[in-house]
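Bear in mind that the values in this text are calculations on the coordinates, not laboratory data. Just so it is clear, the model here is predicted, and its values are computed rather than measured. Here Cβ is always computed from backbone atoms with ideal geometry, including for glycine, and neighbour counts include all displayed protein chains.
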Amino acid sequence: MSFALEYKKVKRTGLLPAFLGGGIFAALVPVLNMAFRSEMYTRMNASPVSILLGANWQMMSMLNILLIVVGACIMYHIEYADNAIQKICTLPDRESTMFFGKTAVLITVSILLLVMESVSVFGCSVYWFGQSAELYMELLKNFWFFLLFMLPAVLLSLLTASLCRNMWISLGIGVVCVFAATMIPAQNFVLTLFPFALPFQMSGNLSDNVIRNYAIACAAETVLISLLEVLILKVRRWFE
Amino acid sequence: MSFLSLVGVEWKKIRRSKIFLILLLAAVILWIPSILNAGLNFGMQAEGISPENSFFIQGFMAMAWFLYPASMVVITVLQTQTERSSHGILKMLVLPVSTAKLCMAKFVVLAVFSVIQYLMSIGMYYISIVIVSHAQNYNFFLPPLFVFREIGRMWASSIPMLAFFQLLAVCIQTPVFSVGFGLASIVPSVLVINTKVWFAYPMAYPFFVITSEYGKLAANIETAQVRLVPWLPTAALITVVCLLISCFCFGQAERR
């Protein structure tokens with residue numbers, strides 16, 4: 001119910017076309033890169049997926065995370081802009097239901113992004129490197145990995161958006177956080193646990209053990225941020 | 001109403017926006033990694049660059065590539081949203097002031113904010129120099145004249161980009177598109193500065209200028225140098241066209 005309602009709300013904000021457009025843009029990154037510099041990459045000695053992601057994932061994930069931040073800001077902006085949130089608060093429903101509805105919508109459109117990017121990586125692999133049996137498995141593994149690593153960022157950007165009445169504040173905080181994430185060295189495990197830095201990680205560079213640690217950390221962060229949001233909303237109600 | 005007082009009015013509108021806090025936060029976060037990794041600058045001597053120059057360039061490169069353009073997008077959001085909430089723009093449009101003047105006043109405020117952000121970053125730069133010089137026992141100080149000249153160049157090169165962001169904010173009514181497009185346009189600038197057509201991409205200008213400066217300061221690093229001939233006319237053309245279109249479009253959607 002909440003998902004359908006939240007989806008209806010964002011219908012006319014252009015969220016879906018924006019994510020589709022952003023997805024196409026991000027999907028073009030590996031295609032263009034290969035079209036111009038294919039020789040440099042086909043000579044490398046590694047699996048096609050890891051070559052392609054190694055060369056392009058920084059830019060693609062940057063686009064993903066920026067889209068997520070903008071999407072989160074817009075979703076709460078429509079509530080605050082004309083005081084719609086006051087009406088929501090008078091409904092016989094928890095405010096956190098809205099938060100999780102919005103989370104579900106943002107995750108769904110993010111999945112769309114990832115699918116488009118995976119298709120593009122798949123196409124590039126087949127076209128420039130030829131088909132192989134491991135390709136599907138590797139791509140699928142990376143897809144789940146990236147999706148899991150996105151969750152904390154989705155939740156945290158929605159949390160900041162839900163706390164700020166003005167869109168430029170949440171957008172400003174989001175932009176500064178993304179910038180901080182780009183400055184974090186990828187080798188430092190503890191620092192890369194910062195939710196905005198996680199989407200920049202690539203499974204190809206990590207051992208299974210480290211991936212498992214990351215997965216646990218992502219799940220823990222997701223639960224923690226959700227709990228924090230529920231708590232903040234409750235406390236905020238007392239003071240309103 | 002004189003143009004200056006219009007700029008004053010636009011300035012007053014965003015007085016209580018808390019945007020300065022965000023810009024300050026950005027300036028602080030910009031220099032923290034540089035302070036923590038200051039020791040790495042000594043290793044850069046192999047490239048023929050002195051540690052103090054390396055510290056200066058690395059910090060401002062990080063700013064020019066993402067933080068500065070992205071905060072300018074945030075400022076355009078601030079300007080359009082304060083106008084649209086409670087239909088402030090409708091009240092502005094009934095005043096006997098030309099819309100083109102209003103639009104230009106907003107652009108001047110945006111440019112002032114860009115100067116403020118650079119000044120904040122320079123301030124933080126000198127604070128971090130004091131910290132780093134103490135921590136590393138090495139004098140990282142660079143003369144303010146040099147710093148201001150380099151940053152002034154970077155700022156001047158970013159004016160076409162500001163005009164482009166102004167165009168996006170004014171002409172695209174749906175915030176998700178104007179912001180999304182603005183932010184997404186920053187990302188490819190890393191690739192664009194390595195191509196021959198960098199001069200046609202305003203979002204890459206400040207990053208290109210600081211990168212070419214890096215090549216000048218580091219003896220062993222070759223970077224593309226600024227050539228004014230195709231660049232200056234293109235940049236001027238982009239700025240004028242963007243500003244003309246945004247002046248023309250300003251308030252059109254509300255006047256329907």
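Given a cut-off of under 8 Å on Cα pairs at least six residues apart, what relative contact order in percent is computed for the stretch B:3-255?
Working: 266 pairs, mean separation 71.2, N = 253.
It comes to 28 percent, rounded to a whole number.
Of B:Tyr68, B:Tyr214, B:Tyr126, which is the most mobile in a GNM of chain B whose springs link Cα atoms less than 10 angstrom apart?
Of B:Tyr68, B:Tyr214, B:Tyr126, the Gaussian network model singles out B:Tyr126 as fluctuating most.
Strictly greater than 15 Å: what percent of every Cα pair in the stretch B:163-216 meets that?
Working: 740 of 1431 pairs.
Looking at the stretch B:163-216, the distances longer than 15 Å represent 52 percent of pairs.
Tilt of helix B:159-171 relative to the longest C-alpha principal axis of chain B, in degrees (0 to 90, nearest 10)?
The angle comes out at about 30 degrees.
Rounded to the nearest angstrom and ordered from largest down, what semi-axes does the equivalent ellipsoid of the stretch A:1-97 get from its C-alpha gyration tensor (root of 5λ)? Walk me through the intermediate numbers first.
On the way: eigenvalues 336, 31, 20 Å².
So the three semi-axes of the stretch A:1-97 are 41, 12, 10 Å.
Considering lysine pairs in chain B that are 8 or more places apart or on different chains, how many have Cα atoms under 28 Å apart?
12
Evaluate the Debye formula for the stretch B:3-255 with equal point scatterers sitting on the alpha carbons, no solvent, and hand back log10 of I(q)/I(0) at q = 0.07, 0.11, 0.15 Å⁻¹, in q order, two decimals.
With no solvent term, the Cα-only Debye profile gives -0.27, -0.63, -1.07.
Once Rh for the stretch B:54-178 is found with the Kirkwood sum over Cα pairs, what is the Stokes-Einstein diffusion coefficient at 37 °C and 0.692 mPa s, in µm²/s?
Details: Rh = 16.6 Å.
Result for D is 198 µm²/s.
Given the options B:Thr76, B:Thr239, B:Thr195, state which has the largest fluctuation in a GNM of chain B using a 10 Å cut-off (strictly under) for Cα springs.
Result: B:Thr195 has the largest fluctuation of those listed.
Placing one identical point scatterer on every Cα of the stretch A:37-80 and ignoring solvent, what is log10 I(q)/I(0) from the Debye formula at q = 0.13, 0.14, 0.24, 0.30 Å⁻¹?
Debye curve over Cα of the stretch A:37-80, log10 I(q)/I(0) at q = 0.13, 0.14, 0.24, 0.30 Å⁻¹: -0.46, -0.50, -0.80, -0.97.
What span do the alpha-carbon atoms of the protein assembly as shown cover on each of the three principal axes, reported in whole Å from largest to smallest?
Over the protein assembly as shown, Cα extents along the principal axes are 66, 60, 47 Å.
Taking chain B as the reference, fit the longest principal axis to its C-alpha atoms, fit the long axis of helix B:51-62 to the helix C-alpha atoms, and give the angle between the two in degrees, 0 to 90, nearest 10.
Its long axis makes an angle of about 30 degrees.
So what's the Cα pair-distance distribution over the stretch B:43-103, bin width 10 Å, in %?
Binned Cα distances yield the sequence 18, 26, 19, 15, 12, 9, 1.
For the stretch A:47-133, just list the percent of Cα-Cα distances falling in each 5 Å bin from zero outward, please.
P(r) over the stretch A:47-133, rounded to whole percents: 3, 12, 17, 16, 13, 10, 9, 7, 6, 4, 3, 1.
Distance between Cα centroids, the stretch B:160-222 to the stretch A:86-119: provide it in whole Å.
Here the two parts' Cα centres lie 32 Å apart.
Under a cut-off of 21 Å between alpha-carbon atoms, report the lysines in cross-link reach of A:Lys11, not counting same-chain residues fewer than 8 places apart.
List returned: A:Lys87, A:Lys102.
Against the longest alpha carbon principal axis of chain A, how many degrees, from 0 to 90 and to the nearest 10, is the axis of helix A:208-239 turned?
Helix A:208-239 sits at roughly 20 degrees to that axis.
Which number comes out as Rg/Rh for the stretch B:1-122 once both Rg and the Kirkwood Rh are worked out on C-alpha atoms?
On the way: Rg = 19.0 Å, Rh = 16.6 Å.
With Rg and the Kirkwood Rh in hand, the quotient comes to 1.15.
Once you list every other residue whose beta carbon is under 15 Å from the beta carbon of B:Gly48, what net charge do they have if Lys and Arg are +1 and Asp and Glu are -1?
Details: positive: B:Lys216; negative: B:Glu47, B:Glu52, B:Glu213, B:Glu222.
Summing Lys and Arg as +1 and Asp and Glu as -1 gives -3.
For A:Gln131, put the label point 7 Å out on the Cα→Cβ axis and report which residues of the stretch A:8-49 keep their amide N under 17 Å from it.
A:48-49
Run the Debye formula on the Cα coordinates of the stretch B:126-232, all scatterers equal and no solvent, and tell me log10 I(q)/I(0) at q = 0.19 1/Å.
So the normalised log intensities are -1.02.
I'd like the Kirkwood hydrodynamic radius of chain A, using the inverse of the mean 1/r over distinct C-alpha pairs, in Å. Write out the running numbers ahead of the final one.
Numbers: mean 1/r = 0.0530 Å⁻¹.
Over chain A, the inverse of the mean reciprocal pair distance is 18.9 Å.
Rule-of-thumb check for the stretch A:140-237: C-alpha Rg over 2.2 N^0.38 Å?
On the way: Rg = 14.3 Å, N = 98, 2.2 N^0.38 = 12.6 Å.
Scaled against compact globular proteins, the figure is 1.14.
Determine the relative contact order of the stretch A:2-239: mean sequence separation of Cα pairs under 8 Å and six or more apart, normalised by residue count, in whole percent.
Numbers: 227 pairs, mean separation 65.3, N = 238.
With pairs under 8 Å counted, the relative contact order is 27 percent.
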